[in-house]
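One structure below.
The values are calculated or read from the model by the stated rules, or taken from the named source; none is laboratory data. If you're wondering where the values come from, they're calculated on a predicted model, not measured in any experiment. Ideal geometry is used to build each Cβ from the backbone, glycine not excepted, and the neighbour counts take in all protein chains shown. Each accessible area value is taken on the protein alone, full model and side chains, heavy atoms only, with ligands, DNA and RNA left out. Shrake-Rupley method; radii C 1.70, N 1.55, O 1.52, S 1.80 Å.
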Amino acid sequence: ARDGTLTDLYTPFKVLNGEIKALGKTLVSLEAEAVYHVGSEIPKGTPKMPADFEWKPVSNQDLIVTLFRSKNSTETYLMIVNKSFKETSKFSMNIAKRVDKVSEIDNKNGRKKSLSYNKATNVFTDTLLPGGGKLYVLQTN
């Protein structure tokens, strides 16, 4: 409020600010190459995800996938965002066989943490909060 009184938005924005600062340490060294909408509602004029893309949705989940390349390494980064602001999204992606390792940039401390996935089927599953997103790192062979 104008008088300095904290509103009900103070705490959520304080948390969001901390997450952006943690991810910002990584994002500053990345270049966005492409953005893809996947799911039931694709905006007109949006490019389709290439057939050889590293991650392909298993089902018709409404997500935004941003592809980043590192300026300092050969790693591929993906920001996956839940397009729904009301519902949590459990999503699954088929991972290209050339991907050796999947990690996530922790939104609390900015550190890379290894994630597991089913290497027999090459399917990765995770959950996004409403409107939430996560930054993943794909290391290829």
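Filter region 100-138 down to residues that are of a type in the set (Lys, Arg) and in contact with an Asp or Glu (Cβ under 9 Å, 6 or more places away or on another chain) and give me whichever is nearest to Gly18 (Cα to Cα).
If we filter region 100-138 for residues that are of a type in the set (Lys, Arg), which is where we start, we get 101, 108, 111-113, 119, 134.
Right, trim to in contact with an Asp or Glu (Cβ under 9 Å, 6 or more places away or on another chain) and you get 108, 112-113, 134.
Details: Lys108: 7, Lys112: 16, Lys113: 18, Lys134: 14 Å.
Selected residue: Lys108.
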Please list, ordered by first then second residue, the pairs with beta carbon atoms under 6 Å, 6 or more apart or interchain, first in region 1-24 and farther than 13 Å from Asp106 by Cα and modelled with pLDDT of 85 or more, second not in a helix (DSSP H, G or I) and not aromatic (Phe, Trp, Tyr).
Thr7/Ala1
Please indicate, with yes or no, whether at least one residue in region 35-49 is among the small types (Gly, Ala, Ser), in contact with an Asp or Glu (Cβ under 8 Å, 6 or more places away or on another chain) and surrounded by fewer than 11 Cβ atoms within 10 Å (Cβ to Cβ).
yes
Enumeration of residues in region 47-83 that are farther than 20 Å from Asp106 by Cα and in a strand (DSSP E or B):
Lys56, Pro57
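Please find, among Lys90, Lys86, the residue that is within 24 Å of Glu41 (Cα to Cα), assigned to a strand (DSSP E or B) and open to solvent by 30 Å² or more (accessible area, probe 1.4 Å).
Values: Lys86 fails: assigned to a strand (DSSP E or B).
When all the criteria are applied, what remains is Lys90.
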Pick from region 118-141, criterion open to solvent by 30 Å² or more (accessible area, probe 1.4 Å), part of a loop (DSSP other than H, G, I, E, B) and of a type outside the set (Gly, Ala, Ser), ranking: modelled with the lowest pLDDT:
Asn141
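Being modelled with pLDDT under 90 and not β-branched (Val, Ile, Thr) is the filter here, so list the residues in region 71-84 that pass it. Walk me through it before giving the result.
As a first pass, look at region 71-84 and keep what is modelled with pLDDT under 90: 71-75.
Across region 71-84, the qualifying residues are Lys71, Asn72, Ser73, Glu75.
What number of residues in region 6-18 are over 19 Å from the mean Cα position of the chain (by Cα) and open to solvent by 80 Å² or more (accessible area, probe 1.4 Å)? Even if it seems obvious, please write down each step before you answer.
Pass one, region 6-18, residues over 19 Å from the mean Cα position of the chain (by Cα): 6-14.
Now restrict to residues that are open to solvent by 80 Å² or more (accessible area, probe 1.4 Å): 6, 8-11, 13-14.
So the count comes out to 7.
Out of Lys25, Lys21, Lys101, I need the residue that is in contact with a Gly (Cβ under 6 Å, 6 or more places away or on another chain), open to solvent by 80 Å² or more (accessible area, probe 1.4 Å) and not in a loop (DSSP other than H, G, I, E, B). Which one? Steps first, answer last, please.
Details: Lys21 fails: in contact with a Gly (Cβ under 6 Å, 6 or more places away or on another chain); Lys101 fails: in contact with a Gly (Cβ under 6 Å, 6 or more places away or on another chain).
Only one candidate qualifies: Lys25.
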